[in-house]
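Undergrad: Before I ask anything, here is the structure I am working with.
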Amino acid sequence: MQEYRVGLEDVRFFAYHGLFPEERILGNWFVISVHVSKTSQTLTFEHINQTFDYGQIYTICQEVMAEPVDLLETVAQHIADRLKLTFKDMSRYEILIWKEQPPLGMLGGKSSVSLIESMGN
C-alpha cells in the first residue's frame with residue numbers, strides 16, 4: 001500500500017477571526033499548513049486529476065480565511081469540509097492553524113489548532 005501526500009506549508013493570511021471585538025477590528029496574521037493524502041496499491045500520476053491540486057487547496061484556505069468566525073476550530077472545520085467536497089479520493093487530511101501573537105498580553109508566541117482525520121479509504 002502506498003500513501004501519497006500533497007501539502008501547503010506555512011501559508012500566511014491576514015484575517016479577522018477571534019472572540020474579542022478588537023480581533024474583528026484590527027485583524028491578525030494566521031499561518032496555515034494543510035496536507036491531504038490518499039492511499040492505493042498502485043498510484044499513477046500522469047494527469048492533474050490523479051493528484052491533489054495544491055492551487056485548489058490554497059483557494060479553499062483563502063476563501064475560508066476571508067469569512068471571520070470566532071474560533072480557529074471553526075476555521076479548521078470549514079477547511080476540512082471543503083477539502084472533503086473537493087477531493088473525493090482523499091483518505092486523510094491534516095490542518096494546522098496558528099494565530100500569531102494572540103491577544104493574551106504575552107510578548108510573542110502564537111496559539112494553534114490542529115484537525116486531523118483519516119477517512120479509512
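The values are calculated or read from the model by the stated rules, or taken from the named source; none is laboratory data. These figures come from a predicted structure and were not determined experimentally. Virtual Cβ from ideal backbone geometry, glycine too; neighbours counted across all protein chains shown.
Undergrad: Find the residue count for segment 59-69, including only residues that are under 14 Å from the mean Cα position of the chain (by Cα) and surrounded by 15 or more Cβ atoms within 10 Å (Cβ to Cβ).
TA: Residues that pass the stated criteria total 4.
Undergrad: Okay, next question. State the number of residues belonging to segment 81-96 that are of a type outside the set (S, T, Y), assigned to a helix (DSSP H, G or I) and surrounded by fewer than 19 Cβ atoms within 10 Å (Cβ to Cβ).
TA: Total meeting the criteria: 4.
Undergrad: Which of (1) surrounded by fewer than 18 Cβ atoms within 10 Å (Cβ to Cβ); (2) within 18 Å of S111 (Cβ to Cβ) is the odd one out, the single condition L72 does not satisfy?
TA: (1)
Undergrad: Restricting to segment 1-37, name every residue that is at pLDDT below 90, assigned to a strand (DSSP E or B) and crowded, with 16+ Cβ neighbours inside 10 Å.
TA: Y4
Undergrad: Right, something else. Name the single residue that is nearest to E94 (Cα to Cα) among those in segment 38-62 being part of a strand (DSSP E or B) and of a type outside the set (G, A, S).
TA: The qualifying residue nearest to E94 (Cα to Cα) is K38.
Undergrad: Only one of F20, F45, F87 is over 13 Å from the mean Cα position of the chain (by Cα), closer than 21 Å to M119 by Cα and not hydroxyl-bearing (S, T, Y). Can you tell me which?
TA: After ruling out the rest, the residue left standing is F87.
Undergrad: Give me a count of the residues in segment 63-79 that are touching a residue at least 40 places away in the same chain (Cβ under 8 Å) and not in a helix (DSSP H, G or I).
TA: Going through segment 63-79 one residue at a time, the tally reaches 5.
Undergrad: May I ask you to list pairs of residues, at least six apart or on different chains, whose Cβ atoms are under 7 Å apart, with the first in segment 18-34 being within 12 Å of P68 (Cα to Cα) and in contact (Cβ under 8 Å) with a residue 12 or more places away in the chain and the second being among the aromatic types (F, W, Y) and in a loop (DSSP other than H, G, I, E, B)?
TA: Hits for this filter: E23/Y16; R24/Y16; G27/Y16.
Undergrad: Between residues in segment 100-121 that are over 29 Å from R5 (Cα atoms) and residues that are modelled with pLDDT under 85 and surrounded by fewer than 13 Cβ atoms within 10 Å (Cβ to Cβ), which pairs lie under 7 Å by C-beta distance while being six or more apart or on different chains?
TA: Final answer for the pair search is Q101/G108; Q101/G109.
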